[in-house]
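Q: Just passing along the structure, written as structure tokens.
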Ligand code: HEC
């Protein structure tokens, strides 16, 4: 019985979402993504398939118009700011996305060269999205992809 209880505890702590997670805000951000980003950005695709598409098949397998939401999610957490402080990193990633959406320039990219070289620079969204909406959509993107290997948490999308 002790073993069962101990392994349950281990399991549930492994899948625990960080306290900064807020489901309502995530859902709000997801709606903004669907309305303003998804005509170019697919939400999520398996990383192995994406790597095959971009690195081996010259984007001819999936013909994507832009990096997917889950790739961006992974890169935001990996490339920007403080990996050990989610609250702070959330602000830092929102600042990056605000700057990128208003003044896009591939020189600032956080994506892999092997991925980004398939795309022209994203059109500016100045006047098409507010700063507050960008904060919410970045919140959604931040929590979209699992935290494995990036932060100490792992989150399973199915658990939402
Ligand atoms: C008209 C098509 C289009 C729309 C709409 C669009 N994007 Fe993009 N986006 C792109 C393309 C193409 C790229 C890759 C080239 C680049 O990075 O500039 C990109 C790249 C990005 C990047 C990565 C920047 C980098 O290179 O590191 C982020 C972050 C991003 N988009 C967020 C968004 C968000 C959030 C929205 C919705 C609010 C959105 N995009 C809407 C086409 C689009």
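The values are calculated or read from the model by the stated rules, or taken from the named source; none is laboratory data. Keep in mind it's a predicted model, so treat the numbers as computed, not measured. All Cβ positions, glycine included, derive from the backbone under ideal geometry; neighbour counts span all protein chains shown.
Q: Filter segment 100-119 for residues that are more than 10 Å from the ligand (Cβ to nearest atom) and either more than 13 Å from residue 50 (Cβ to Cβ) or at pLDDT 95 or above (or both) and give the result.
A: 102, 103, 113
Q: If a residue has to be closer than 23 Å to residue 64 by Cα and more than 7 Å from the ligand (Cβ to nearest atom) to count, how many in segment 120-133 make the cut?
A: Going through segment 120-133 one residue at a time, the tally reaches 2.
Q: Name, by its number, the condition in (1) in a helix (DSSP H, G or I); (2) over 12 Å from the mean Cα position of the chain (by Cα); (3) modelled with pLDDT of 90 or more that does not hold for residue 158.
A: (3)
Q: Considering segment 71-88 alone, what residues qualify as being under 13 Å from the mean Cα position of the chain (by Cα) and either within 15 Å of residue 144 (Cα to Cα) or surrounded by fewer than 15 Cβ atoms within 10 Å (Cβ to Cβ) (or both)? Steps first, answer last, please.
A: Within segment 71-88, the first condition is being under 13 Å from the mean Cα position of the chain (by Cα), and the residues that meet it are 71-80.
Residues satisfying the conditions are 71, 72, 73, 74, 75, 76, 77, 78, 79.
Q: Which residues, counting only those in segment 58-98, are farther than 21 Å from residue 25 by Cβ, more than 9 Å from the ligand (Cβ to nearest atom) and in a helix (DSSP H, G or I)?
A: 78
Q: For residues that are closer than 19 Å to residue 74 by Cβ, more than 8 Å from the ligand (Cβ to nearest atom) and in contact (Cβ under 8 Å) with a residue 40 or more places away in the chain, scanning just segment 134-147, find the one that is surrounded by the fewest Cβ atoms within 10 Å (Cβ to Cβ).
A: Among those that are closer than 19 Å to residue 74 by Cβ, more than 8 Å from the ligand (Cβ to nearest atom) and in contact (Cβ under 8 Å) with a residue 40 or more places away in the chain, it is 147.
Q: Output yes when any residue across segment 32-51 is surrounded by fewer than 19 Cβ atoms within 10 Å (Cβ to Cβ), modelled with pLDDT under 95, touching a helix residue (DSSP H, G or I) at 6+ places or on another chain (Cβ under 7 Å) and not in a loop (DSSP other than H, G, I, E, B), and no when none is.
A: So far as segment 32-51 goes, no, none of its residues is surrounded by fewer than 19 Cβ atoms within 10 Å (Cβ to Cβ), modelled with pLDDT under 95, touching a helix residue (DSSP H, G or I) at 6+ places or on another chain (Cβ under 7 Å) and not in a loop (DSSP other than H, G, I, E, B).
Q: Among the residues that make up segment 107-117, is at least one of them surrounded by 16 or more Cβ atoms within 10 Å (Cβ to Cβ) and touching a residue at least 60 places away in the same chain (Cβ under 8 Å)?
A: yes
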